[in-house]
Amino acid sequence: MRHRKKTVKLKRTASHRNALLANQVCSLIEHERIKTTLAKAKAVRPLAEKMVTLGKRGDLHARRLAAGELGQKDAVKKLFAEVAPRAADRKGGYTRIIKLGRRQSDSAPMAFIEWVDSVIVPPTETPEVAPEKPASKPRAKKADKPTESAKESPKESPKESPKEPKPSSVKKDK
């Protein structure tokens, strides 16, 4: 029985799982929202919320604990400077998981995980349309272009001459 065994293993060794979750949290801090599988999003949530709690403490020891867990100085700096102050008045529940449906390739359930207090600018619904270009003629290959000497002499153009069949590279048995 797996009673009181809370760790989600994600089919990885402990070191691989810890590195994966730390990198996911760093990406979440950097980009404010990440798209991942639902199982990984659910596994990232507790670690991300612990890091915000450390960021709210704001002392040197909390900063060192966060740096030891995440391993990226830039992410720790942004966590303490931007993410944690936004969540100062909130007592918990700093992240939100939005289910997206299934991935087309392997039908894995996908989800966004994002900060509740983040300000994400949604993409505009009507993107700028580039002006339409007139349809261009297909370019001729270099072999099809006539040389200058061919232009001067009244010979047949290569397009008008019938193509001769190429000799087959398959040897015939006699």
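If the condition is being hydroxyl-bearing (Ser, Thr, Tyr) and outside any helix (DSSP H, G or I), then region 19-56 contributes Thr36, Thr37. When Ala62, Ala75, Ala84 are checked against the criterion of being touching a Leu at 6+ places or on another chain (Cβ under 6 Å) and assigned to a helix (DSSP H, G or I), Ala62 stands alone in meeting it. Filtering Lys40, Lys5, Lys9, Lys50 for residues that are under 22 Å from Gln104 (Cβ atoms) and either among the basic types (Lys, Arg) or modelled with pLDDT of 95 or more (or both) leaves a single hit, Lys40. The residue that is surrounded by the most Cβ atoms within 10 Å (Cβ to Cβ), counting only those in region 91-117 that are in a loop (DSSP other than H, G, I, E, B) and touching a Lys or Arg at 6+ places or on another chain (Cβ under 7 Å), is Asp117.
For region 62-74, filtering for residues that are surrounded by 14 or more Cβ atoms within 10 Å (Cβ to Cβ) and within 15 Å of Asn18 (Cβ to Cβ) leaves 7. When region 27-61 is filtered for residues that are touching a Gly at 6+ places or on another chain (Cβ under 8 Å) and crowded, with 19+ Cβ neighbours inside 10 Å, nothing remains.
The values are calculated or read from the model by the stated rules, or taken from the named source; none is laboratory data. Quick caveat: nothing in here was measured; it's all calculated off a predicted structure. As a convention, Cβ positions derive from the backbone with ideal geometry for all residues, glycine included, and neighbour counts pool all protein chains shown.
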